[in-house]
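Accompanying notes for the structure given below.
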Amino acid sequence: MSSGALTAGSTVLITGGASGLGAAVVTAVARAGARPVVLDRNPPGDGVPWVECDLADTRAAEAATRELAERSGGLDAVVTAAGIDVPGRLADVPGDTWDRIVAVDLLATAAVIRAALPYLVSSRGTVVTVASTLGVKAVGDATAYCAAKFGVVGFTRALAAELAGSVGVTLLIPGGMRTPFFDDRDDQYRPGPDAALNEPADTAAAVLFALSQPAGCAVREMVVCAEQESSYP
C-alpha cells in the first residue's frame, strides 16, 4: 500500500470482521478490490480468510495475527474493529467481565498491532484503530468501556508519534451504529427506536478513506457519527 491506494494486491487485517463495523469494513475492502482477512471468534462472510481467536487472550491474538500475515504473504493495513461492552454500575459488573471488556477493546488492539508491525513497516502500511465517542466523553454505567476507549485514544496518539515516517496511523472515533452491538443489553441500555445512529457502511467508507491516503499523508483522527449523536460532546 505504498501508494496509499487499496489495490488487488493489498491485504487488510480486520479484527471483529464477522459482524458490525468489522463486517462492513470487510465488505468495503473487498469491493475496493483489496483482500480482507479476519480475526474473530465467529466466521466472517463466505470465502474471507480468517483465524478463530478470542481476542481477550492477547498472546493468542498476537499469534493469530502472525499466522494470518504469514499465510497472506504480509499485511498492508490493520483495522482494529473488534469491541465489546457490558453496561452496568462498577459494583454490579463482575470483575472478570470488566477485565474482559478492557482486554478485548484495548489490550487486544495493542497486541494485534504489535504483532503486525514488522509486516506494516515492510509494506509502509496503515493502522486504523477504532475508539468511540465514549473515548472522549465519559458516562455512567460504562466504566470499563470508557476506560478502554479512552485508552485506545491515548494509545493511538502515542503510536502515531512513535511510528511517524514508517507506518500510517489513524484514530477513528465512531458514534453509535446500527449493529448487533446493542442486542444483548438490558432495555435500559439499548438505544431507543428514535435514536440517532449511523449505518456501519458509512463509517466503513471513512475507514477506506484513511487507508487510501498516499504514504506520508496521514489522516490522524476522524470523528464519524450521526449529526445528532448525543454521546459526542
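Values for this structure:
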item	result
Flag for Ala226 being part of a loop (DSSP other than H, G, I, E, B) and either closer than 30 Å to Thr11 by Cβ or at pLDDT below 90 (or both)	yes
Residue in the range 61-82 that is of a type in the set (Asp, Glu) and farther than 22 Å from Arg114 by Cβ present	no
When residues of the range 221-233 are limited to those that are surrounded by fewer than 19 Cβ atoms within 10 Å (Cβ to Cβ) and within 15 Å of the chain's Cα centre (by Cα), the one farthest from Glu162 (Cα to Cα)	Val223
Residues located in the range 119-137, provided they are outside any helix (DSSP H, G or I), of a type outside the set (A, V, I, L, M, F, W, C) and surrounded by 17 or more Cβ atoms within 10 Å (Cβ to Cβ)	Arg124, Gly125, Thr126, Thr129, Ser132
Neighbours by Cβ (under 7 Å, 6+ apart or cross-chain): first from the range 105-124, without any contact (Cβ under 8 Å) to a residue 60 or more places away in the chain; second among the charged types (D, E, K, R) and surrounded by 19 or more Cβ atoms within 10 Å (Cβ to Cβ)	Asp105/Lys149; Ala111/Glu62; Arg114/Glu62; Ala115/Glu62
Residue pairs meeting the criteria (Cβ under 8 Å; at least 6 apart or on separate chains; first more than 15 Å from Lys137 (Cβ to Cβ) and of a type in the set (D, E, K, R), in the range 170-182; second crowded, with 22+ Cβ neighbours inside 10 Å and modelled with pLDDT of 80 or more)	Arg178/Pro200
Residues within the range 5-54 that are assigned to a strand (DSSP E or B), hydrophobic (A, V, I, L, M, F, W, C) and without any contact (Cβ under 8 Å) to a residue 40 or more places away in the chain, tallied	4
Unmet requirement for Ala147, which otherwise passes all of (1) buried (at least 24 other Cβ atoms within 10 Å of the Cβ); (2) under 30 Å from Ala226 (Cα atoms)	(1)
Residue that is surrounded by the fewest Cβ atoms within 10 Å (Cβ to Cβ), among those in the range 57-116 that are of a type in the set (A, V, I, L, M, F, W, C) and assigned to a loop (DSSP other than H, G, I, E, B)	Ala91
Matching residues, the range 53-83, being out of contact with any helix residue (DSSP H, G or I) (no Cβ under 7 Å at 6 or more places or on another chain) and within 15 Å of Ala103 (Cβ to Cβ)	Asp57, Arg59, Ala60, Ala64
Complete set of residues in the range 41-59 that are under 20 Å from Val130 (Cβ atoms) and either touching a strand residue (DSSP E or B) at 6+ places or on another chain (Cβ under 6 Å) or of a type in the set (A, V, I, L, M, F, W, C) (or both)	Pro44, Val48, Trp50, Val51, Cys53, Leu55, Ala56
Subset of the range 198-215 [assigned to a loop (DSSP other than H, G, I, E, B) and either modelled with pLDDT of 90 or more or surrounded by 17 or more Cβ atoms within 10 Å (Cβ to Cβ) (or both)]	Ser212, Gln213, Pro214, Ala215
Qualifying residue in the range 146-161 (condition: at pLDDT below 95 and not aromatic (Phe, Trp, Tyr))	no
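The values are calculated or read from the model by the stated rules, or taken from the named source; none is laboratory data. These numbers were taken from a predicted model, which means no experiment stands behind them. Positions of Cβ are backbone-derived with ideal geometry, glycine not excepted, and every protein chain shown enters the neighbour counts.
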